[in-house]
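Everything on this sheet refers to the single structure shown next.
The values are calculated or read from the model by the stated rules, or taken from the named source; none is laboratory data. Keep in mind the model is a prediction, meaning the values are calculated, not measured. Using ideal geometry, Cβ is built from the backbone for each residue, glycine included, and neighbour counts are taken over all protein chains shown. We work out accessible area using only protein heavy atoms, side chains counted, and drop any ligands, DNA or RNA first. Shrake-Rupley method; radii C 1.70, N 1.55, O 1.52, S 1.80 Å.
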Amino acid sequence: MATKNDKYEKLKKIRDELLEFKASPLYEYRTRNKYFPVIGEGSHDASIMFVGEAPGQTEAKTGRSFCGAAGKFLDELIASIGLKREDVYITNMVKDRPPENRDPTPEEIALYAPFLDRQVQIIQPKVIATLGRHSMNYVMQRYDLDLELEPISKIHGKTFETAYFDEDHGSHPVTIITLYHPAAALYNGGMRETLITDFHILKKFA
Ligand code: URA
């Protein structure tokens, strides 16, 4: 069993590597704008890990995941299942802000995804809840659920059982839950209700 200190040191190493991640095409944009990489935050022993897409401007300015308008709604959703932000872990697939909030490119996803894989191995969540179709696509393919992948309009709010592997402890079961991105609810009131309903599925893991 990893101690709190092991987890802290391993997560700190991820942060240090990302701070110097010159191999990324987003590094120059980050430093020029005095942005921060957004590594993730919350409990290192969380049962539930949320995975968004990439930081927006508010996140890049502060270095904190989901702290803008979409983040406020995410906080409400987390509260609706009786938890606080400090009880879960919140991160993104890509850790630097893409210019003008464009979608991350396949090259950027491939470069940053190994950091997310390591975060999963360190935190060892019981559930990975994807926020939006980009993180859904990556996480489902990464964790051997390619055959179950469908458009998010069909599989939002569903659970998928799979496993991840780590060299020290072998295979760990994990449930993937596919959710819409909370930003979608900012422009579409119907989506807000859908997310609130879909979130209930997380209650049993809270
Ligand atoms: N959208 C995301 O996907 N992640 C954030 O951290 C903020 C907005």
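Things worth noting here:
- In segment 86-101, the residues that are modelled with pLDDT of 95 or more, more than 12 Å from the ligand (Cβ to nearest atom) and surrounded by fewer than 20 Cβ atoms within 10 Å (Cβ to Cβ): E86, D87, P99
- Members of segment 32-77 found to be of a type in the set (V, I, T) and in contact with a helix residue (DSSP H, G or I) (Cβ under 9 Å, 6 or more places away or on another chain), listed by number: V38, I39, I48, V51, T58
- Residues being assigned to a helix (DSSP H, G or I), out of contact with any Asp or Glu (no Cβ under 8 Å at 6 or more places or on another chain) and within 16 Å of the ligand (Cβ to nearest atom) - total across segment 109-146: 9
- Segment 40-75, residues that are more than 14 Å from the chain's Cα centre (by Cα), among the basic types (K, R) and within 25 Å of Y27 (Cβ to Cβ): K61
- Put simply, of L77, L83 the only residue that is away from the ligand (no atom under 16 Å from the Cβ) and open to solvent by less than 60 Å² (accessible area, probe 1.4 Å) is L83.
- Check on S65, closer than 24 Å to E9 by Cβ, open to solvent by less than 60 Å² (accessible area, probe 1.4 Å) and polar (S, T, N, Q): yes
- Single match in A185, A113 (criterion: touching a Lys or Arg at 6+ places or on another chain (Cβ under 8 Å), open to solvent by less than 40 Å² (accessible area, probe 1.4 Å) and over 30 Å from E9 (Cβ atoms)): A185
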